[in-house]
Amino acid sequence: MGLIRIIIIALIVYLVIQIFKRWSASKNIQTVQKDKQQKLMVKCDVCQLHIPKSEALQKNGKYFCNQEHYNKE
């Protein structure tokens, strides 16, 4: 009875470790994808300046670097 109990406990510990590893890996993938999206550069439709997509103003599928250029379109 003692050996079976040890095997079951070891199996449970193994499963908990595997679940934690998968959860940790999926969290890292989400962080990497978010970082890539923030680093994506787009070109202003008016002055051709490259700026991060997260900082750009978007209108009708075009990107702009500031409010003045945004209003021209």
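The values are calculated or read from the model by the stated rules, or taken from the named source; none is laboratory data. Bear in mind that the values here come from a model prediction, so they are computed numbers and not experimental data. Please note: Cβ atoms are built from the backbone with ideal geometry, for glycine as well, and neighbour counts cover all protein chains shown.
Quick one: Lys43 ticks every box in (1) out of contact with any Lys or Arg (no Cβ under 8 Å at 6 or more places or on another chain); (2) touching a residue at least 24 places away in the same chain (Cβ under 8 Å) bar one, so which box is it?
(2)
Every residue, every condition in (1) of a type in the set (Phe, Trp, Tyr); (2) surrounded by 10 or more Cβ atoms within 10 Å (Cβ to Cβ); (3) at pLDDT 85 or above, yes or no:
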residue	(1), (2), (3)
Leu3	no, no, yes
Leu11	no, yes, yes
Ile19	no, yes, yes
Lys34	no, yes, no
Gln37	no, yes, no
